[in-house]
Amino acid sequence: MRKIWLVILILLAAAPALATEAADGAEADAPAKTEPAVRQPQDLKAKFTGAAAEVFRLIETEIRPGTRRSLRWFSPQAPGGFAVATPVIVVNGSQAGPVLCLTAAIHGDELNGIEIARRVVNSLDPKKLRGVVVGVPIVNLEGFWRRDRYIGDRRDLNRYFPGSPDGAYPGRVAFALMKDIVKHCDAVVDLHTGSFYRENLPQLRADLAVKQVANLAEGFGGLTVLHNAGPPGSLRGAATAAGIPTVVMEIGGPLSLELKKVELGVKSLETLLHTIGMIDRPRTWSRPQPVFYASQFVRAEVGGILINRVKLGAKIKTDTVLAEIIDPINNSVFEVKSPAGGTILGRAQNQFVSPGFAIFRIGHKKSKEELKQKAEAEKETQTEQLIEELGANEATRDRKP
Ligand SMILES: [Zn+2]
């Protein structure tokens, strides 16, 4: 009996570990988290009752239908003695509909998302909106002030969800965000950029094995969708597990404001709001179909100075030279060749790299159905492997005196 429970616990702990997002940045100090099993996520369509909207309550504030309010969220980030609050903007539409939440800057140095959230939330007309939009443009206020990815304690806040009220500091902030904001949402779009001198082609990250997440991802129109489960401890994983379908939108790189990419992000979010029925068509915008991808990393085999040879979005073939890594002392050049054909979804900027550094993420175009099957197959293989490993461990232990 104990063995079965152990298997279940290990499966729960390991399920998100396949996530490739975790290899994106310096998440090595991230604590492993067990997340609860996925609750059936909500169906957004059921929220459009056609009725007039009701008062929306958030952070002990009542927001009347057809109005916009700026609220102050006192998270554990507020130091004692004086009040520092994170701004939260709420637009309560005049008609009933779902509550869509936009969170940005969980990593304090990711600026594009802050601007995307600002533009989207402020462009909404509360009189015409169906449902509620909640914007938390700067979740990690502390990191933002310091131009730092991390929250205080040098920790990655996005590895501490769902958090706990009596755990480590970032876990407390995560818990408060879940309790005070996220649990009041019917769906969440969490805005990010690449980390540490890496940049990403504008893309969504979504666990297509969860139907409502897949539906949400499709609503953005022509944005690239990369299928993977959220990394352990991420807001995306924790919120989805709590029954709130969540996707991540990755736009560009950290510590810069890339206005073209910001515009694309705004347009994609407006498309989502339109597709799910919260706003009327925002502007002339044909709705291209999303393109779905699985992905793999290309890592540096040698250390040295990286010089890129391909751009984001480039279509490449097997053996295409993606970059050169130059040994500055011996003046030798190592060519990084593509292990497969595909599209460059993410890349490191030119910099010094060590062996093993993830320099490219290559996307392989797939149908949504293929990706769903892949996700299911991965889960099965993982289960079998874990049971096998566990069996082997038990056998080893049994042999010991
Ligand atoms: Zn991020």
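The values are calculated or read from the model by the stated rules, or taken from the named source; none is laboratory data. Since this is a predicted model, take the numbers as computed values, not measurements. Positions of Cβ are backbone-derived with ideal geometry, glycine not excepted, and every protein chain shown enters the neighbour counts.
Where strands (runs of 3 or more DSSP E) fall entirely within the stretch 111-225, those with at least 1 residues that are within 13 Å of the ligand (Cβ to nearest atom) and touching a residue at least 12 places away in the same chain (Cβ under 8 Å) are at 187-192, 198-206.
Considered as a group, the residues in the stretch 245-258 that are surrounded by fewer than 24 Cβ atoms within 10 Å (Cβ to Cβ) and either among the hydrophobic types (A, V, I, L, M, F, W, C) or closer than 17 Å to residue 157 by Cα (or both) include one that is nearest to the ligand (Cβ to nearest atom), and that residue is 254. Determine whether residue 151 is within 16 Å of the chain's Cα centre (by Cα), among the aliphatic types (A, V, I, L, M) and farther than 15 Å from residue 239 by Cα. Spelling it out, it is not the case that residue 151 is within 16 Å of the chain's Cα centre (by Cα), among the aliphatic types (A, V, I, L, M) and farther than 15 Å from residue 239 by Cα. Residue 298 - would you say it is surrounded by 15 or more Cβ atoms within 10 Å (Cβ to Cβ), within 16 Å of the ligand (Cβ to nearest atom) and on the phi < 0 side of the Ramachandran plot? When the stated conditions are applied, residue 298 does not pass them. Only a single item in (1) more than 18 Å from residue 273 (Cα to Cα); (2) at pLDDT below 95 is not met by residue 53, and it is number (1). Scanning the stretch 233-243 for residues that are buried (at least 24 other Cβ atoms within 10 Å of the Cβ) and either assigned to a loop (DSSP other than H, G, I, E, B) or touching a strand residue (DSSP E or B) at 6+ places or on another chain (Cβ under 7 Å) (or both) turns up 233, 234, 235, 236, 239, 240. The set of residues in the stretch 357-400 being modelled with pLDDT of 75 or more, surrounded by 11 or more Cβ atoms within 10 Å (Cβ to Cβ) and among the hydrophobic types (A, V, I, L, M, F, W, C) consists of 357, 358, 359, 360, 362, 371, 375. Run down 284, 271 and say which single residue is of a type outside the set (D, E, K, R), at pLDDT 90 or above and either away from the ligand (no atom under 16 Å from the Cβ) or surrounded by fewer than 16 Cβ atoms within 10 Å (Cβ to Cβ) (or both). That would be 271, the only listed residue that is of a type outside the set (D, E, K, R), at pLDDT 90 or above and either away from the ligand (no atom under 16 Å from the Cβ) or surrounded by fewer than 16 Cβ atoms within 10 Å (Cβ to Cβ) (or both). Across the stretch 296-304, a minimum of one residue is classified as in contact with a His (Cβ under 8 Å, 6 or more places away or on another chain) and at pLDDT 90 or above. Scan the stretch 264-285 and give yes if some residue there is more than 17 Å from the chain's Cα centre (by Cα), charged (D, E, K, R) and in a helix (DSSP H, G or I), otherwise no. Yes, some residue in the stretch 264-285 is more than 17 Å from the chain's Cα centre (by Cα), charged (D, E, K, R) and in a helix (DSSP H, G or I).
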